[in-house]
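The values are calculated or read from the model by the stated rules, or taken from the named source; none is laboratory data. Treat the numbers as computed from the prediction; the structure is a model and nothing was measured. Methodologically, a virtual Cβ is constructed for each residue, glycine included, from the backbone with ideal geometry; neighbour enumeration extends over all protein chains shown. For the accessible areas, the whole protein counts, side chains as well, though only heavy atoms, and no ligand, DNA or RNA atoms are used. Shrake-Rupley method; radii C 1.70, N 1.55, O 1.52, S 1.80 Å.
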Amino acid sequence: MAGSTDLRQAFGQFGTGVAIIALRDSENRPTGLTVNSFASVSLEPPLLSWCLANDSQLFDEVARAGRFSVNVLAADQLDLSNRMAGAGDHVLQPDEFDEGTYGTPLVRGALAQFDCHIHDRVELGDHIMLVGGIDATRHCAQGRAPLMYFRGKYAGIDVEACNG
Ligand SMILES: Cc1cc2nc3c(=O)[nH]c(=O)nc-3n(C[C@H](O)[C@H](O)[C@H](O)COP(=O)(O)O)c2cc1C
């Protein structure tokens, strides 16, 4: 089997978008975490998934949360992505989120927002997979560029070419 450095580099060849998982922590603070493990799972019923490292500072908060949102970031949200990917403060500021129908924070300006309840949690190696049942979703009109991640770095995409 490949070593973990090889595996990380091989996984990194798969270019992804970037999302922020947002939830209320145990003190009811709006809290965010940057991920690229987001995946669509099912249309009927509507399900999605993402994975969290077992050693994340936010593991206990995610484990106890009943709900979370997945917020697909636009290219102009790079600074927020970096902040929510660092060790330390993961609190969203009042101008950075709105509240969904169920009280879940939704990141303002995201290309898409998925407001979810926890459908399932699956322990898988050094990560846990969270499966969200989607209660509500919103997405913005065409034209804005997504934030992308490829080979361990943020990357650009030619949205005009995609819209064509
Ligand atoms: C682009 C990007 C994607 C990431 N994807 C994930 C992910 O899918 N799952 C995860 O657990 N951590 C992921 N991380 C790392 C977390 O954002 C980071 O570990 C966390 O926010 C920092 O808190 P921690 O030190 O408690 O882990 C990603 C980081 C970046 C920059």
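Seen through its C-alpha gyration tensor, with square-root eigenvalues sorted a ≥ b ≥ c, segment 40-131 comes out oblate because a/c lies at 1.5 or above while a/b is not bigger than b/c.
Taking every Cα-Cα distance in segment 4-163 and sorting them into 10 Å bins from zero, the calculated P(r) comes out as 10, 41, 38, 11, 0 percent. Among the chymotrypsin sites (Phe, Trp or Tyr not before Pro) in segment 61-164, those located in a DSSP loop and surrounded by at most 14 other Cβ atoms within 10 Å of their own Cβ are Y102. Between the amide H of L92 and those of T31, G32, distances stay under 5 Å, these residues lying 5 or more places away or on another chain, with hydrogens modeled in the peptide plane. Here the chain exposes an accessible surface that is 53 percent carbon and sulfur, computed with a 1.4 Å probe and the other protein chains kept in place. In order along segment 105-113, phi translates into HN-Hα couplings of x, 10, 6, 5, x, 5, 5, 8, 10 Hz, rounded to whole numbers, per the Karplus curve 6.51 cos²θ - 1.76 cosθ + 1.60 with θ = phi - 60° and x for Gly and Pro.
Under a Cβ-only charge scheme (Lys and Arg +1, Asp and Glu -1), can you give me the dipole magnitude of segment 4-163 about the Cα centre, in debye to the nearest 20? Using Cβ point charges on Lys, Arg, Asp and Glu, segment 4-163 gives about 200 debye.
Ordering C51, C116 by accessible surface, largest first, gives C51, C116; the 1.4 Å probe counts only protein heavy atoms, with every chain in place. Averaging the sequence gap over all C-alpha pairs within less than 8 Å and six or more residues apart, then dividing by the number of residues, gives segment 27-86 a relative contact order of 35 percent.
Report the net charge of residues surrounding S49, where surrounding means a beta-carbon distance below 12 angstrom and charges are Lys +1, Arg +1, Asp -1, Glu -1.
After counting each charged neighbour, the total is 0.
Annotation: per residue accessible area for the chain equals 57 Å², rounded to a whole number [probe 1.4 Å, protein chains only]. Highest GNM mean-square fluctuation among G86, G133, G32, for the chain modelled with Cα contacts below 10 Å: G86. The mean sequence distance of close C-alpha pairs (under 8 Å, at least 6 residues apart), as a share of the length of the chain, puts its relative contact order at 27 percent. On the beta carbon distance between V91 and Q9, with R0 = 35 Å, the FRET formula returns roughly 0.60. Name the residue, out of A141, A65, A74, whose mean-square fluctuation peaks in a Gaussian network model built on the chain with Cα pairs under 10 Å. Its mean-square fluctuation being the largest, the pick is A141.
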